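> There's a structure below that I have some questions on.
The values are calculated or read from the model by the stated rules, or taken from the named source; none is laboratory data. Please read these numbers as outputs of a predicted model, since none were measured by experiment. FYI the Cβ positions are ideal-geometry reconstructions off the backbone, even for glycines, and counts take in every protein chain you see.
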Amino acid sequence: MIETPKNLTKNILLGMLFGFIVGASFYYLEFLPQRLNDFFATYIFNLGGSIFINLLKMLIIPLVFFSLVSGISSLTSMKSLGNITVKTIGLYLGTTAIAVSLSLMIASIFKPGAGYSSEIAPPDKLPEGQGLYETILGIFPSNILEAMAQNQMLAVVFFSILFGIALNKTNHLTGNFSSAFEKLNTVFMQLVIMIISFAPIGVFCLIGKFVITDGLNIFQEAFKYVVLLISVLFLHVFITYSLILKVFTNLSITTFYRKMKEVAIFAFSTSSSAATIPVTLKTVQNDLGVNKNVSSFVVPVGATINMDGTAIMQGMATVFIAQMSGIDLTLIQYVQVVILAVVTSIGTAAVPSAGTITLVIILQQFGLPLEAIGIILAVDRILDMIRTSVNVTGDAAVACIVANSENLLDKEVFNK
Ligand code: ASP
C-alpha cells in the first residue's frame, strides 16, 4: 500500500495554527506599510492557497475516472453495483433529511431571528441556483470531454460506470485491459499523496488568506444565527453520524473521527467538497479500509449530492429570515423546507459559498425577502468552512456503512 508521509496531520494542524497567527497579526497589528501588506496577502497567501487548490482540483477528474473504472470493471456481479447505488442514495437522502429537521427544530426552539434587525445592504445581484431538473439532466452528458473539462461530477461518474461495465464485459477480448486502469489508479493515488504532502504549506496559505482579509470578527453580525448554526453542525456530526454508524455497523466511532481529522481540515481550509475529493478518497480507502468498488462511487457522488451541512445552514437561514421578517412558518411549511433543502442541497455545487446561492430557491418558494441573503453572506465565510467539513464527514460515514453492509470493509485497516 502507498504510504502517507509521517506526522502529516500534525503538520497540517500546525500549518493551520500558523496561518491563523500570521494572518491575524497582519490584520490586527498593521506593522507593515499597506502596500507591503497587500503584497503579502496577494503573493503569499492568495497565490499559495490558489496554487494548492488548483493542484487538488487537477486530480479530481482523472482520479474519479480511473478509480471508478478500475472498481467497476473488476466487479464480479453487477447486482452488487445496484445494491451499492440504492443504499448510497437512500442514506444520503435520509441523513440530509435528518440534518434539516434537526436544524429546524433547534431554530424554532431558540429563535435566532426574533428581535433581530439589521441595516445590512442587499447584495447587488442575486445569485441564481440550479434546480432539480438541471441536476438530473446533468447526469447524462452530451459530450463527455466537455463534462470532464467543466468538472461535472455526476456526468463523469455516469460515464465512468458505463465505461467500467463495458470494460468488464470485454476483458476476455481485450487481454484483461482493466488491469491497466488498476495500475493508473495506483499512480494517481501516489500523485494525491505527493500533492497532499504540501498540505501544511497549502493550509497555512488558505487560512492566512481568510484571516488577513476578514480578520476574526465573525460573530459581529447575526450572533445568535452563527452560534446556533455552528451548534447544530457539531450536533449532527457527533450525534447523528455516531448513531447511524452504531446502528448500521459495529465500527469504533472514535477511530472513525480520529482518521477523519485530515479530511475535515482540508474541507475546512478549502471550503469545497469537490477540491477535497482526492483526500476523502485516499482516507476512506487507505485508512478506513473501504473497498475501492464502494469508495470510488460513494465519495464523488457524495461530494456532489450529499450536503448535510449545507442543508442545515439552509434550514436555519430560512427560519432565521422568516422570524426576522415576522413571518410564522406553519408545520406544513416546515415539512416543505425539509423537502426543499434536501433537493436544493443535491443541486448545490461543491464549491465555496454555493449553498447561499441555492438558498435563494428556498426563500423564493416561501416569499421571504431575498435581500436578507445579505446578512447570511456577511457571516458565511467561516460557516461555509465548517459546513463543508460536515458535508465530507457525512460522505465518509456513508461510505463506511455501505461498504460494511456489502462485506467490502477491511476491518483490519479500519482499526489499525
Ligand atoms: N462549500 C460547500 C461544499 O463544497 C457547499 C456550500 O454549502 O456552500 O460542500
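Condition check ((1) of a type in the set (D, E, K, R); (2) part of a helix (DSSP H, G or I); (3) at pLDDT below 85; (4) closer than 29 Å to Leu184 by Cβ) across all residues:
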{"site": "Ile84", "(1), (2), (3), (4)": "no, yes, no, yes"}
{"site": "Lys87", "(1), (2), (3), (4)": "yes, yes, no, yes"}
{"site": "Ala97", "(1), (2), (3), (4)": "no, yes, no, no"}
{"site": "Ser108", "(1), (2), (3), (4)": "no, yes, no, no"}
{"site": "Ala121", "(1), (2), (3), (4)": "no, no, yes, no"}
{"site": "Lys125", "(1), (2), (3), (4)": "yes, no, yes, no"}
{"site": "Tyr133", "(1), (2), (3), (4)": "no, yes, yes, no"}
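> If you scan region 397-416, which residues turn out to be among the β-branched types (Val, Ile, Thr) and surrounded by 24 or more Cβ atoms within 10 Å (Cβ to Cβ)?
Hits for region 397-416 are Val398, Ile401, Val402.
> Let me ask you something else. In this structure, does Val402 turn out to be within 29 Å of Ile84 (Cα to Cα) and without any contact (Cβ under 8 Å) to a residue 24 or more places away in the chain?
no
> Another question, if that's okay. May I ask you to list pairs of residues, at least six apart or on different chains, whose Cβ atoms are under 8 Å apart, with the first in region 286-308 being farther than 15 Å from Leu251 by Cβ and at pLDDT below 95 and the second being polar (S, T, N, Q) and not in a helix (DSSP H, G or I)?
Pairs found: Asn286/Thr4; Asn293/Ser74.
> While we're here: Only residues that are at pLDDT below 90, touching a Pro at 6+ places or on another chain (Cβ under 7 Å) and either under 28 Å from Leu56 (Cα atoms) or near the ligand (Cβ under 10 Å from one of its atoms) (or both): list them for region 335-390, please.
Across region 335-390, the qualifying residues are Ile357, Leu377.
> Ok, one more. Would you check if Ala41 is more than 25 Å from Ala399 (Cα to Cα), in contact (Cβ under 8 Å) with a residue 12 or more places away in the chain and surrounded by 17 or more Cβ atoms within 10 Å (Cβ to Cβ)?
yes
> Out of (1) surrounded by 15 or more Cβ atoms within 10 Å (Cβ to Cβ); (2) at pLDDT below 95, what's the single condition that is false for Phe219?
It is condition (1) that Phe219 fails.
> Oh, and also: Looking only at region 225-251, how many residues end up being surrounded by 15 or more Cβ atoms within 10 Å (Cβ to Cβ) and more than 15 Å from Gln314 (Cα to Cα)?
10
> Being surrounded by fewer than 20 Cβ atoms within 10 Å (Cβ to Cβ) and hydroxyl-bearing (Ser, Thr, Tyr) is the filter here, so list the residues in region 147-171 that pass it.
Of everything in region 147-171, just one residue is surrounded by fewer than 20 Cβ atoms within 10 Å (Cβ to Cβ) and hydroxyl-bearing (Ser, Thr, Tyr), namely Thr170.
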